[in-house]
Structures are given as structure tokens and as C-alpha cells.
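Q: Dropping the structure in here first, questions after.
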Amino acid sequence: MSPPRALLLRPGNNVSTARTRLRFDRLQSETTSNGHCSAAVSLEWYGHHHKGSAVGLATPQGRIKASAEAAVRAVTAAAGRGMHLELLGVKAVRAFDGWVVVARLVGEEMHRNHRLIGSAACEREEELGPTAVRAVLNAVNRILETVMRADA
């Protein structure tokens with residue numbers, strides 16, 4: 001999805017200076033009584049919201065993985081056919097009185113393959129879901145910029 005033309009045509013605002021990164025809007029997660037969880041991620045790009053969802057086990061690792069997978073699906077929805085992503089793994093590690101979430105993905109854009117890794121930090125265990133989304137976004141930002149610019 002390209003930015004609205006009016007945003008690109010303003011003086012001093014061309015494709016190279018326009019925002020090229022998706023904005024993390026929100027994460028909604030729920031736990032069901034049967035031991036599963038669901039995650040729904042919304043990302044914003046020039047007023048358009050792109051959503052992705054995933055399910056997993058209602059364990060700490062299951063919630064993190066569902067959040068990361070939902071983020072991958074939202075990014076893929078935003079990028080369209082120009083990008084393919086696959087989550088290889090996501091892990092939360094306790095470090096220095098906080099948490100670091102690391103996400104590893106493989107991606108393909110414009111017929112080029114990429115091995116991607118991203119990380120994000122948080123202070124509290126309750127923040128691990130949104131932090132997993134940020135780790136995915138940090139992993140894909142460089143190739144996502146290429147796809148979004150090509151689409152503009």
C-alpha cells in the first residue's frame with residue numbers, strides 16, 4: 001500500500017523522505033479456557049490499518065510466539081505480494097534485570113532472500129507480547145522500506 005499521493009507531493013516531502021516504516025498500533029491478546037491464546041496485531045501505514053492474527057498455547061512462550069506470528073502476518077498484509085516472511089523462532093531472554101526478545105525470520109523481497117534477526121527490550125514480563133511485535137518489526141524494517149518505496 002503506497003502513501004496517499006497528497007503526502008508525497010507536499011514541498012520537501014518525496015518518496016525518500018516519506019515515512020517508510022509501519023507504526024505498531026496495538027496488540028490484542030486473549031486466553032481461552034481450553035489452554036490456547038490468540039493474538040491480533042494492528043499496524044498503521046498512512047492511516048491504513050493492516051492486521052494479522054495467530055493462535056498458540058497459553059504459555060509464556062506460546063503467547064510470545066502468537067504475538068510475533070500475528071506481527072508477521074500484519075507486515076505481510078501491509079507489504080502485499082512484494083514480500084514473503086516466515087518466522088523461524090522467537091525467544092524471550094532475561095537479561096540485566098529486564099527482558100530481551102529476539103526474533104529470527106527469513107524473508108524474500110524482489111526475488112532476494114534475506115536472513116533476518118531483530119530484538120527489542122522491555123522491563124516487565126507483562127510487556128513481552130508487544131515487545132515480540134517490536135522485535136519482528138526491527139527485523140524486517142530494512143527490507144520493508146525497499147518494498148514500501150517500490151510500491152510508492
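Q: Tell me which of these R94 doesn't satisfy, since it passes every other one: (1) of a type outside the set (G, A, S); (2) in contact (Cβ under 8 Å) with a residue 24 or more places away in the chain; (3) under 20 Å from P60 (Cα atoms).
A: With (1) of a type outside the set (G, A, S); (2) in contact (Cβ under 8 Å) with a residue 24 or more places away in the chain; (3) under 20 Å from P60 (Cα atoms) applied to R94, the lone miss is (2).
Q: Kindly indicate the residue of the stretch 13-39 that is part of a loop (DSSP other than H, G, I, E, B) and at pLDDT 90 or above and also farthest from Q61 (Cα to Cα) among those meeting that condition.
A: N34
Q: Applying the selection to the stretch 58-111, what residues are within 14 Å of the chain's Cα centre (by Cα) and closer than 17 Å to E126 by Cα?
A: I64, K65, A66, S67, A68, V90, V101, V102
Q: Turning to a different aspect of this structure: E108 - would you say it is closer than 13 Å to I64 by Cα, modelled with pLDDT of 85 or more and loosely packed, with under 15 Cβ neighbours inside 10 Å?
A: Criteria not met by E108.
Q: Could you look through the stretch 113-129, keep only residues that are under 17 Å from L85 (Cβ atoms) and touching a residue at least 24 places away in the same chain (Cβ under 8 Å), and pick out the one that is nearest to the chain's Cα centre (by Cα)?
A: L116
The values are calculated or read from the model by the stated rules, or taken from the named source; none is laboratory data. The shown structure was predicted, so the numbers you read here are calculated from the model rather than taken from an experiment. Positions of Cβ are generated from backbone atoms using ideal geometry, with glycine treated the same way; all protein chains shown enter the neighbour counts.
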